[in-house]
Every structure is written in C-alpha cells, then in structure tokens.
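Below is one structure, written out as structure tokens; comments come after it.
The values are calculated or read from the model by the stated rules, or taken from the named source; none is laboratory data. Here the structure is a predicted model, which is why all the values come from computation and not from measurement. Heads up, the Cβs are rebuilt from the backbone with ideal geometry, glycines too, and the neighbour counts pull from every protein chain shown. Remember, those area values only see protein heavy atoms, side chains included, never the ligands or the DNA or RNA. Shrake-Rupley method; radii C 1.70, N 1.55, O 1.52, S 1.80 Å.
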Amino acid sequence: MANSAAAGRAPHPDTRSVDYEATPNSSQEKIVVMPINTWKGYVWDTWSLPPEQRWLLFKVDAFVLTFASIGYFLKNIDQSNVNNAYLSGMEEDLKMFGNELVTSTSIWTVGYVIGQIPANLLLTRVSPRWVIPSLEVGWAIATICTSSVKSYNSLYALRFLVGLFESGFYPGIHYMLGSWYTPREIGKRSMIFWLAGAIGGMFSGFLQAAAYTNLNGVNGFAGWRWLFIIDGIITLPLALAGYIFFPNIPQHGKKTWWTTEKEHILSIERMKAVGSAGKQPWTKEKVKRILLSWHTYLCPFLYVVWNNGWPQSAMGYWLKSFNRHPPPVPGTSFSIPEINNLPIPTTGIFVVMGLICGWLSDGPCRGRRWPFIYAGAIITIVFLVILLKMPLYENIKGRMVVYWLSNIGLGAGPLILSWTNEISSADTEKRALLVGMSNDFAYVVQAVAPNFVWKTTDFPAARKGYTWSIVLQVLSIVVTAAIQLLLWRDQRKEARADIASLSEFRVDSELEAFDSDGKDASAGRVKAVPVDV
C-alpha cells in the first residue's frame with residue numbers, strides 16, 4: 001500500500017534522505033539529498049556533497065548546463081534578431097508597415113507549437129544526444145537562409161521553419177535538467193539556463209548595432225541581413241559539439257561515454273532518492289491516470305499564465321517614436337545604435353534578480369518555488385500600473401528607469417518548470433509531457449493574443465497589452481494557490497495511507513514473530529522505518 005501510494009507522490013521540497021543498499025557495481029556511499037546548511041553549499045550546492053557526487057555533478061554541469069546555456073543564448077539571439085532587424089531597416093526594406101512583424105512572430109510560434117510535445121516525448125525514447133543537436137542544425141540553416149529574404153512572405157515561411165526546429169530545445173533541456181538534478185540543485189540551474197537566453201536577447205542588440213555599423217552594405221547586404229548570417233554560423237559548431245558531448249538520460253539505462261560505470265549507477269540512485277522514475281511503457285491505465293491527474297491541467301496552465309503575463313518590451317518602439325515626423329518631443333531623437341542599446345539595462349538588471357531568485361529558491365527556501373511566483377506577480381503588477389499611468393513624453397529619464405526596472409519580478413518561469421518536474425517526477429513520460437505542454441500551450445496563446453492585445457500599431461503606449469498582463473498576473477496568484485492547496489491535500493492522503501500501511505505491516509510482523517512452536521523468530525530482523533517525504 002505504501003509503495004502504490006508513493007508512486008504518484010510529488011517530492012517534498014524540504015527534506016529527502018534515502019539510503020540504498022550497495023550493489024556489487026555501485027557506489028558504497030550513502031545517497032543523501034538534504035537541505036543545504038553550509039555557506040559553501042549556499043554558494044554552489046555541489047561543494048557540500050561527497051567527493052564522488054561532486055565530481056559527477058561537475059561533469060554534468062560542464063556538459064549539460066554549459067551546452068544548454070550556450071544553446072539557449074544563441075537561440076534567443078535568433079528570437080530577438082527579428083525585432084532588432086525590424087528596428088534597423090528591415091521594416092523599410094521589406095515594406096512591413098502594418099502588423100507584419102507581429103504576424104511573423106505568430107507564424108514562428110505556429111511552428112514552435114507543432115514541434116514541442118512530439119520532440120519532448122521523443123526524448124523519452126531516443127537519446128537527447130541525437131535529438132537536440134539535430135534540431136540545432138536545422139534552425140541554424142533556416143536562420144542563415146533568412147538573410148536572403150526579399151519579401152515578408154518569404155520571411156514568414158522561414159520563420160515557421162526556425163520555430164519548428166527550435167521547438168524541442170527549451171522544454172527538452174528542462175526535461176533533461178529534471179533527469180539529472182535533485183530539487184536542491186535544479187532551481188538555480190534552470191535559472192542559469194533560462195537567463196542565458198535573456199543575455200542572448202540582450203547581446204542581440206549589441207550584435208545588431210555592430211552589424212549595422214561595421215557590415216552594413218558589405219557585399220551588398222544590409223546590416224540587418226548580416227545579423228541572420230552571423231546568428232546561423234555561430235550556432236553550427238555548438239550543434240556539432242552536442243553530438244559528441246550531450247548525455248543520455250541516466251534513468252533510461254544507457255551509460256553516457258564520459259561517465260564511469262560507478263558514476264552511471266550513482267546518477268541513477270541520486271534520482272531514485274528524489275522519486276524520479278525511468279521510462280515505462282504507454283498503457284491504457286497510464287493514459288487514464290495522466291488524464292485524470294490535476295497535475296496535467298494546472299501545472300501547464302500556471303506556466304501558460306506566467307508566460308503570457310510577461311509584458312512585451314516597448315522601450316525600443318518608444319525610443320524609435322521620437323524620430324517620427326513631426327517629433328513628439330522637438331529636439332530629442334535617438335540613433336539606430338541607441339535604439340538597440342538603450343533597452344539593454346532592462347535585461348542586465350533582470351538577470352541579476354533572476355539569479356538571486358534561483359539561489360534563494362534552492363538554498364534558504366529549501367526548494368520552494370511558490371514564494372517567487374507570488375512576489376514576482378505583485379512586483380510586476382506595480383510596474384505595469386506605473387507604465388499605464390505615466391505619460392509617454394513628459395519625464396523621459398524617469399520612464400527610461402521604469403522600463404529598466406520593469407522586468408525584475410518576472411523570474412519565476414524556470415522555477416515553475418522545475419516545480420512541474422518535481423511534482424511529476426514519479427512518471428518520466430508524464431513529466432516530459434507536462435513540461436512540453438507547459439511551454440507549448442504558452443506559445444499557443446502567444447500565437448493568438450498579440451494580434452489583439454500587443455499590436456505593433458499600439459506601441460509604444462500598449463495600453464491593451466499592459467492591462468492584459470495585469471489580469472494574467474492576478475490569475476497566476478490564484479492558480480499557484482490552487483496548486484499548493486491540492487498538493488497539501490495529496491500529502492495528507494498519502495500520509496494517512498502510509499500510517500495505515502505501517503499499521504498493517506506491524507500487525508503482520510507481530511503475527512510472524514513467533515513460529516509454530518511459539519519461539520521468537522524476530523532476532524536479527526531489520527526494522528522497517530518509514531521515510532519522511
């Protein structure tokens with residue numbers, strides 16, 4: 001009874017300590033996953049682990065986290081390059097004077113939506129070492145081809161292909177992180193991975209400014225076209241390295257070449273200690289169990305709300321609006337490099353705050369993710385109200401500061417996916433499905449909503465968009481509270497089931513303690529003690 005109850009149990013975020021018997025080929029050290037309680041562990045969690053686990057995680061960080069972060073950095077350069085190219089001459093060259101930019105983003109999202117769930121489920125059957133680098137090669141080639149578009153219709157077609165190839169990367173990496181890292185480790189690493197993408201978006205502004213300044217007109221290509229060429233070329237070497245260094249999933253049984261047999265077993269036992277299951281066959285019972293689970297609906301819904309509650313960046317449009325004729329503020333205008341570079345502090349400040357959230361979540365908050373969802377939503381609502389109420393052109397420096405600070409509450413996204421990984425850890429197919437659904441459905445809404453609430457023609461004021469974001473931030477608070485309540489209910493049910501199971505075990509043990517002659521047969525018996533989860 002206890003085992004069946006535990007099968008669907010969400011790992012407790014505070015404490016997990018499980019010891020496994022050593023097998024002939026396994027590590028002799030205990031597998032213990034506990035809250036961090038040393039200053040070195042708060043700085044970086046592996047410093048508080050035994051040497052063998054520390055060396056294993058060093059290699060996983062080097063080959064998984066580094067590859068993932070660089071890949072997402074490059075991916076977000078690609079996602080941002082369309083906006084930067086639009087602000088740097090593509091609008092005029094391709095005659096995109098209506099909502100063509102929003103349409104191109106929506107078409108990219110359609111490709112992204114189609115590929116995500118199949119790609120993530122594929123990772124439960126085919127090694128990520130082959131799937132993820134192959135997707136990178138595809139999006140690199142499609143990005144390079146974007147440099148040659150002659151009309152926005154051609155841009156639409158290539159953006160669809162780029163979205164399709166990029167679809168499996170972000171949810172796939174989160175699934176990978178949930179396959180290698182425990183709850184005391186995954187939060188900060190998910191944040192590092194995600195923020196690498198934010199830095200990529202920030203770097204895209206620098207890259208576009210440099211391309212416009214140094215390459216505009218070289219070989220007959222406009223500066224914005226060179227941006228796509230550069231983006232694609234720098235992605236290919238990483239994709240090729242992925243075929244060599246990206247690992248398999250430990251729970252699936254196939255050892256990665258850069259781990260020893262002892263480390264491979266250790267990696268499996270570490271994830272068993274936090275309830276992370278290996279692959280299982282799809283059955284009718286499994287499908288029914290997934291469909292009837294509240295996890296399947298509320299976990300993705302929370303991420304959908306968070307993702308679409310993020311206000312789109314308006315600062316670049318605001319800066320460009322000063323160059324209109326007649327100018328809204330006579331005597332004030334901004335050059336193309338300034339339009340690309342001045343929004344960058346927004347991302348820089350946001351990255352620092354995101355890192356703080358990741359470290360606090362894994363460390364002092366002991367794996368809790370929900371405090372950062374609540375705090376982020378409240379902070380974001382405050383800045384959205386300010387942006388709605390503040391005049392566009394009266395206090396230019398003040399509005400710049402508000403733009404720079406406006407994203408500091410938006411760091412909960414990777415923690416939500418870490419939470420989803422943890423809640424659904426007992427079923428790896430369900431975990432892959434939920435992580436894929438979370439990002440996929442978020443982009444389904446993102447493909448539709450901007451056409452109504454974030455129209456290009458509404459910028460820089462974007463009043464509909466900011467109001468939409470406020471509504472979704474409030475909804476994220478409600479959904480988070482519902483998830484907490486249901487987790488608490490499930491934990492109470494499981495605790496009662498464990499108590500009942502333990503009582504039955506003790507009764508059976510007492511009956512068996514005496515043999516048929518009345519002799520005590522309990523000598524040398526190992527006492528079973530329930531593990532606090």
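Starting from the exponent 0.38 and prefactor 2.2 Å, build the expected Rg for region 121-184 from its residue count and divide its actual Cα Rg by it.
1.40
Which of T256, Y175, T296 sits farthest toward the positive end of the charge dipole of the chain, with +1 on the Cβ of Lys and Arg and -1 on the Cβ of Asp and Glu?
So the residue furthest toward the plus end is T296.
What's the local net charge at R289, with K and R +1, D and E -1, over the other residues with C-beta under 11 Å away?
+1
Round to the nearest 10 and give me the degree value, 0 to 90, for the angle of helix 100-122's Cα axis relative to the longest principal axis of the chain.
The angle comes out near 20 degrees.
Working only with C-alpha atoms, what are the Rg and Dmax values of region 79-129, expressed in angstrom?
Here Rg and the maximum Cα pair distance are 15.9, 46 Å.
Using the structure shown, select from K40/K188; K284/K430; K95/K150; K286/K430; K75/K254 the pairs with a Cα to Cα distance greater than 18 angstrom.
On the way: K40/K188 15 Å; K284/K430 13 Å; K95/K150 10 Å; K286/K430 9 Å; K75/K254 29 Å.
In this structure, K75/K254 lie more than 18 Å apart at Cα.
In vacuum, with every alpha carbon of region 206-273 counted as one equal point scatterer, what does the Debye formula give for log10 I(q)/I(0) at q = 0.21 Å⁻¹? Two decimals, please.
-0.84
Can you give me the C-alpha center-to-center distance between region 235-253 and region 465-498, rounded to a whole angstrom?
Measuring centre to centre over Cα atoms gives 35 Å.
What percent do you get for the relative contact order of region 237-384 when only Cα pairs under 8 Å and 6+ apart count?
Here the relative contact order equals 9 percent.
Could you tell me the extents of region 80-212's C-alpha atoms along the three principal axes, largest first, rounded to whole Å?
Result for region 80-212: principal-axis Cα extents of 50, 28, 23 Å.
Once you have the Kirkwood Rh of region 340-479 from its Cα pairs, apply Stokes-Einstein at 10 °C and 1.306 mPa s and quote D in µm²/s.
Translational diffusion coefficient: 95 µm²/s.
In the chain, what percent of the accessible surface is made up of carbon and sulfur (1.4 Å probe, ligands and nucleic acids excluded)? Walk me through the numbers before you get to the answer.
On the way: 15070 of 22860 Å².
That share works out to 66 percent.
Taking the Cα centre of the chain as origin, sum charge times position over the Cβ atoms of Lys and Arg (+1) and Asp and Glu (-1), and report the length of that vector in debye to the nearest 20.
Dipole about the Cα centre, nearest 20: 820 debye.
Ordered by packing density, taken as the mean number of other Cβ atoms within 10 Å over each peptide's residues, highest first, how do 377-384, 486-493, 270-277, 299-306 rank?
Listed from highest to lowest mean packing, they are 299-306, 270-277, 377-384, 486-493.
In whole Å, how far is the Cα centre of region 272-298 from that of region 124-177?
What the calculation gives is 28 Å, centre to centre.
Given C-alpha coordinates of the chain, what is the ratio Rg to Rh with the Kirkwood estimate of Rh?
Numbers: Rg = 25.6 Å, Rh = 24.9 Å.
On the Cα set of the chain, Rg over Rh gives 1.03.
For helix 344-362, what angle does its Cα long axis make with the longest principal axis of the chain, in degrees from 0 to 90 and rounded to 10?
Orientation of helix 344-362: about 10 degrees from the principal axis.
Do the sum for the chain: with -39,500 (n - 2.57) for every DSSP H run of n ≥ 4, divided by all residues, what is the mean residue ellipticity at 222 nm, to the nearest 500 deg cm²/dmol?
Value at 222 nm, helices only: -21500 deg cm²/dmol.
Inverting the mean 1/r over all pairs of different Cα atoms, compute the Kirkwood radius of region 281-320 and quote it in Å.
Hydrodynamic radius (Kirkwood, Cα only) of region 281-320 equals 13.1 Å.
Send over the semi-axes of region 384-459's equivalent ellipsoid, whole angstrom and largest first, taken as the square roots of 5 times the C-alpha gyration tensor eigenvalues. Working shown, then result.
Details: eigenvalues 257, 59, 9 Å².
Semi-axes from the Cα gyration tensor: 36, 17, 7 Å.
Using a simple charge model, +1 on the beta-carbon of Lys and Arg, -1 on the beta-carbon of Asp and Glu, nothing else, what dipole does region 322-399 show about its Cα centre, in debye to the nearest 20? Please list the in-between numbers first.
Details: 7 positive and 3 negative charges, 45 e Å.
That gives region 322-399 a dipole magnitude of about 220 debye.
Please report the relative contact order for the chain, taking Cα pairs under 8 Å with a sequence separation of at least 6, and give it as a percent rounded to a whole number.
Details: 803 pairs, mean separation 133.4, N = 533.
Rounded, it is 25 percent for the chain.
Using the alpha-carbon atoms, what tilt in degrees (0 to 90, nearest 10) does helix 183-214 show relative to the longest principal axis of the chain?
That works out to roughly 20 degrees.
At 20 °C and a viscosity of 1.002 mPa s, what translational diffusion coefficient does Stokes-Einstein give for region 279-381, taking Rh as the Kirkwood radius over Cα pairs? Give it in µm²/s as a whole number.
Numbers: Rh = 18.1 Å.
Rounded, D is 118 µm²/s.
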